[in-house]
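*Asks:* One structure, as structure tokens, below. Some questions next.
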């Protein structure tokens, strides 16, 4: 269910709520979506093509933000771009590369539905464009 909630938090514009000090690891927050797809059965309520489109939009938005990289090509601290005050004192340049955890989906085989499904609107895009969407449900085992 967490994968569904995570995908549902991605706005139509490819942003998500910045919550917690580890947010400076940027798209590492998407790691669970890639992990679920690569390691377990794909969640029934998630469209793999829509999830791929959502993740791609978030990552692209972050990577293309002015100031994400310094003049030598190293990551700079921040949520989006260079925001040095966002990091804790123990977070150095190397720690910022935890963002690569958000690329776990690259471990999925080429024939996985994540890669082969056509791009589609993700949940928030569908909601905010007025489409009929599935009812939200409680998680029960």
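The values are calculated or read from the model by the stated rules, or taken from the named source; none is laboratory data. In this text the structure is predicted, and so the values were computed from the model without any measurement. Ideal geometry is used to build each Cβ from the backbone, glycine not excepted, and the neighbour counts take in all protein chains shown.
*Asks:* Going through the stretch 1-12 one residue at a time, which ones are loosely packed, with under 14 Cβ neighbours inside 10 Å and either more than 21 Å from residue 79 (Cα to Cα) or in contact (Cβ under 8 Å) with a residue 12 or more places away in the chain (or both)? Can you show your working first?
*Replies:* Keep residues of the stretch 1-12 that are loosely packed, with under 14 Cβ neighbours inside 10 Å, which gives 1-2, 5.
Result: 1, 2.
*Asks:* Collect the residues in the stretch 34-56 that are surrounded by 19 or more Cβ atoms within 10 Å (Cβ to Cβ), within 11 Å of the chain's Cα centre (by Cα) and at pLDDT 90 or above, keeping them in residue-number order.
*Replies:* 51, 52, 53, 54, 55, listed by residue number.
*Asks:* Which numbered condition in (1) under 11 Å from the mean Cα position of the chain (by Cα); (2) over 21 Å from residue 136 (Cβ atoms); (3) surrounded by 14 or more Cβ atoms within 10 Å (Cβ to Cβ) is the only one that residue 114 fails?
*Replies:* (1)
Residues checked against (1) out of contact with any helix residue (DSSP H, G or I) (no Cβ under 6 Å at 6 or more places or on another chain); (2) exposed (fewer than 12 other Cβ atoms within 10 Å of the Cβ); (3) within 20 Å of residue 57 (Cα to Cα); (4) at pLDDT 90 or above:
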residue: 79; (1), (2), (3), (4): no, no, yes, yes
residue: 83; (1), (2), (3), (4): yes, no, no, yes
residue: 87; (1), (2), (3), (4): no, no, no, no
residue: 92; (1), (2), (3), (4): yes, yes, no, no
residue: 105; (1), (2), (3), (4): no, no, yes, yes
